[in-house]
1. With θ set to phi - 60° and the Karplus curve 6.51 cos²θ - 1.76 cosθ + 1.60, what are the ³J(HN,Hα) couplings of region 61-69 in order, to the nearest whole Hz, using x for Gly and Pro?
2. How do Lys41, Lys385 line up, fewest other C-beta atoms within 10 Å first?
3. Take Ser311 and Asp343, extend 7 Å from each Cα along the Cα→Cβ direction, and tell me the distance between the two endpoints in nm.
4. Loop only by DSSP, 13 or fewer other Cβ within 10 Å of the Cβ. Give me the GluC sites (Glu not before Pro) in region 1-101 that pass, ordered by residue number.
5. What distance in nm lies between label points placed 7 Å from Cα along the C-beta direction at Leu297 and Thr378?
6. Can you work out the FRET efficiency for the pair Glu124 and Asp329, with r the C-beta to C-beta distance and R0 = 56 Å, to the nearest 0.05?
7. Taking the chain as a Gaussian network, where each spring joins two C-alpha atoms under 10 Å apart, which residue of Trp48, Trp61, Trp123 fluctuates the most?
8. Expressed as a rounded percentage, what relative contact order does the chain have, with Cα pairs under 8 Å and six or more residues apart?
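Any read-out appearing in this document is the output of simple, stated calculations on the displayed coordinates, not a laboratory observation. Treat the numbers as computed from the prediction; the structure is a model and nothing was measured. Cβ sites come from the backbone with ideal geometry, for glycine too, and all protein chains shown count toward neighbours.
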Amino acid sequence: MSTVVLGVGGGIAAYKAAELLRRLSEAGHQVRVVPTASALKFVGAATWAALSGQPVTSEVWDGADQVPHVRIGQGADLVVVAPATADLLAKAAHGLADDLLTNTLLTARCPVLYAPAMHTEMWEHPATRANVATLRSRGAVVLDPASGRLTGADSGKGRLPDPDSIAAAAFRLLRPGRAPDLAGRHVVVSAGGTREYLDPVRFLGNRSSGRQGYALASTAAARGATVTLLAANVSLPDPAGVSVVRVVSTLELREAVLAAAATADAVVMAAAPADFRPATYTGSKIKKRDDGSAPALELVQNPDILAELSSARPRSGQVVAGFAAETGDEHASVLDHGRAKLDRKKCDLLVVNEVGPGKAFESADNAAVILGSDGSVTEVPFGPKEDLADAIWDLVAARLR
Ligand code: CTP
């Protein structure tokens, strides 16, 4: 059982923190809720006290004999701030301490996870951008807010990530040895399968669901990274705390990868880009012919994004990782094919999956062998795609150090 401090900021999303509190308590953690005075205008102290079974106050003066402004932070295994308002992020970034929560943030030496919620304008304001960058550079995990309906008639980026995904990020930080070792890093992950359209309704595509890439994005965010997720035709919900850029074709993915890679410390190509595209696109639906003949489909080869990025290395020290879905054949094993691909693509890490029934595609579980350009071989047993994602980030983080 861990001790979690749940700091609640004064925003309308404070009511969703009650759901988060339940998730944390149901997982067996002892949760001490520290709301700000404005948070109590949205959800009263009685709700927090009843749900947590712990005393609740915003003030440093209540129970001063226990020195709560120091002890609560010192005793915490994790501090989660949800919702983190623009004001709270600013106070935390500048080390202000005018209530119990901001004092707790200064005395805590454990991981701190912020789940911001505010209007889009406030999130995008240079002051907030600078405060978020400061907190991330100090090792705090600041999730990106979700997009959607905001208070009143507005919609856009700024919604509190849903309580389940905040809880998932919190649980990952509570795992032993799972420090936010990607804090201050920018990572780019591609996910899904590209589509190459023949006409407005038909495309060449593949079976990639995007699950492994999404697991990579959410685990990197939980480890403190700023994450750009390039999603090719994925129907999964956006992971909490990452910026999602949608692409359709391999050419669009290439452009997005090269643009994002300019500032990235690591790029993981988990997407399955189509290797070929139709030589021509027909602007209206291709019709059946009266004589029953089928049209010939001429294909041209797409660029190999991973190979191009590995040779370009737009940023020094950048770690580039790829995936290889392989089957063995009479000439070579799965790993032989993997090694040859690593040499050919010149990336730093290649995650080799054996493909076949029940493996890799559309499944929640995966097993793999991760080959390093330095000759290292890391076997990851069959398990959740998040575990494989963490094994990949372990190797990336070691190379970034
Ligand atoms: N990849 C890429 N650009 C492409 C094709 C693949 O960046 N046009 C990346 C994938 O994202 C993956 C890795 O390369 O990380 C391996 O993909 P794979 O399809 O196995 O490689 P290919 O070069 O297409 O090899 P094969 O001839 O075995 O299909």
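1. 3J(HN,Hα) across region 61-69, in whole Hz: 8, 6, x, 4, 4, 8, 6, x, 5.
2. Values: Lys41 11, Lys385 23.
Ascending number of Cβ neighbours within 10 Å: Lys41, Lys385.
3. My value for the distance between the label points is 1.7 nm.
4. Working: sites: Glu19, Glu26, Glu59; in loops: Glu59.
The qualifying sites are Glu59.
5. 3.8 nm
6. Numbers: r = 52 Å, r/R0 = 0.93.
Working from the Cβ atoms, E equals 0.60.
7. Answer for the Gaussian network model of the chain: Trp61.
8. Averaging sequence separation for qualifying contacts and normalising by length gives 11 percent for the chain.
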